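Report on one structure; see the data block that follows.
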Amino acid sequence: MNDVVNFNKAKKARAKDAAKVTAAANRAKFGRTKGEKVVEKAQADKVVRLLDGAKREKD
């Protein structure tokens, strides 16, 4: 004999699984650690300083 299925619980479980898939995709797309953000900012600042230091002054 088949088990009784509660449609409300099945619907909620399906929605929860879909949310987990979406969350995983967002973590892969947007997620960066604080260390990665700091390193990227430091590299960008270094490039800006290097370019500003190489500028010639116009008289």
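The values are calculated or read from the model by the stated rules, or taken from the named source; none is laboratory data. Everything numeric in this text was worked out from a predicted model, so none of it was measured. Cβ coordinates were reconstructed from backbone atoms using ideal geometry, including for glycine residues, and neighbour counts include every protein chain displayed.
For segment 29-44, enumerate the residues that are outside any helix (DSSP H, G or I) and surrounded by 10 or more Cβ atoms within 10 Å (Cβ to Cβ). Result: G31, R32.
Here segment 17-40 is the region considered, the condition is being charged (D, E, K, R) and modelled with pLDDT under 95, and the residue that is farthest from the chain's Cα centre (by Cα) is E40.
Results for (1) touching a residue at least 24 places away in the same chain (Cβ under 8 Å); (2) of a type in the set (S, T, Y); (3) not in a loop (DSSP other than H, G, I, E, B), shown as yes or no for each residue.
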residue: T22; (1), (2), (3): no, yes, yes
residue: R27; (1), (2), (3): no, no, yes
residue: L51; (1), (2), (3): no, no, yes
residue: K58; (1), (2), (3): no, no, no
